[in-house]
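Please treat every number below as a calculation from the coordinates, not as lab data. Computed from a prediction, not measured in an experiment: that's the story for all the values here. Please note: Cβ atoms are built from the backbone with ideal geometry, for glycine as well, and neighbour counts cover all protein chains shown.
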Amino acid sequence: MHPKTVLIIDDEDAARLIIRQYLEAYPELEIIGECRDGLEAVAAINRLEPELVFLDIQMPCLSGFQVISKLVHIPQIVFTTAYDQYALKAFDTNAVDYLLKPYTRERFRRAVEKVIHHNSYSHAQIKAVAASAADTTTGFYDRIFLENGQKMISVAIDEIMYLQAEKDYTRVYAGDCFYLSNFGIGVLEQKLNPAIFFRIHRSFIVNIHHIRELYRAKSDTYLVMKNDLSLKVSRGYAENIRKLMC
């Protein structure tokens, strides 16, 4: 089986070097070129026809989203960027993965595993990535897509009871189910309406509509969710809860 061909696109030398170094561990992936800006990227992708592209979003000439809107050859895409406002949008619109700089070797490994086990995109799917991800409005989502086995499940924001950090991932609890998001709790927090979702702990964000009651025990404050789960409010986030008190 021949190696999957890879093109690295980033305007920063250091960023391209990190990807090259990390890819040394994967003989099934072969680097066939590098690009430093969006115009160069479009020409190289259409000429070399790589099977996988690590694509920066913020670049000179054309952004990563503008690059994919101009492609004839459609590779698999892993977005890389230091700007997390694009994270959920890129992930929700069929990117294989999204690497937020600085990322670890372990996080890179998970992205590569997705690439290896992911089917190729159709031209229409990549166009949908470009059209949707290029929208940089800061409105809040009504729904998000979360992994459930081999599928992506659409979950209404209103159904989310609370979120719990789990290392680089986040557990999202909705109804009687929980889903595992590939994004850290800090990234998800930025896309949730702060009038509804409150950080009560470094590891927890709760939906105010799913809080049943609040009580104090000695000097600590606790929230009781509608499913009877009791969550302690960290003192560092107590002010978030005091804002709700009348």
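General remarks:
- Phi to ³J(HN,Hα) by Karplus 6.51 cos²θ - 1.76 cosθ + 1.60 over segment 35-50, Hz, x for Gly, Pro: 9, 10, 8, x, 5, 4, 5, 4, 4, 5, 5, 5, 7, 8, 6, x
- Length gained when the stretch TYR237-ARG216 is fully extended (0.36 nm per residue, less Cα-Cα span): 6.1 nm
- Approximate spin-label separation LEU48-HIS2, in nm, with each point projected 7 Å along Cα-to-Cβ: 1.5
- Placing dummy labels 7 Å off each Cα toward the beta-carbon, the span from PHE178 to GLN190 is 2.5 nm.
- The order of VAL187, VAL78, going from fewest to most other C-beta atoms within 10 Å of their C-beta, is VAL187, VAL78.
- Between MET245 and ARG202, residue separation times 0.36 nm minus the direct Cα-Cα distance comes to 13.4 nm.
- Above-threshold pairs, the threshold being 21 Å between Cα atoms, out of LYS4/LYS114; LYS101/LYS191; LYS70/LYS101; LYS167/LYS226: LYS70/LYS101; LYS167/LYS226
- Paramagnetic label zone (point 7 Å from Cα along Cα-to-C-beta, ARG143; backbone N under 17 Å) in segment 164-196: 174-175, 179
- Residues whose placed amide H lies under 5 Å from that of LYS4, excluding near-sequence neighbours: LEU29, GLU30
- For segment 151-242, alpha-carbon Rg over 2.2 N^0.38 Å: 1.05
- Approximating the spin labels as points 7 Å out from Cα along Cα→Cβ, the GLU12-to-ASP168 distance works out to 1.7 nm.
- Residues of type lysines that LYS243 reaches as a straight line, Cα spacing below 19 Å, ignoring anything fewer than 8 places off in the same chain: LYS232
- Once the C-beta distance of HIS209 and LYS114 is scaled by a Förster radius of 35 Å, the resulting FRET efficiency is 0.60 to the nearest 0.05.
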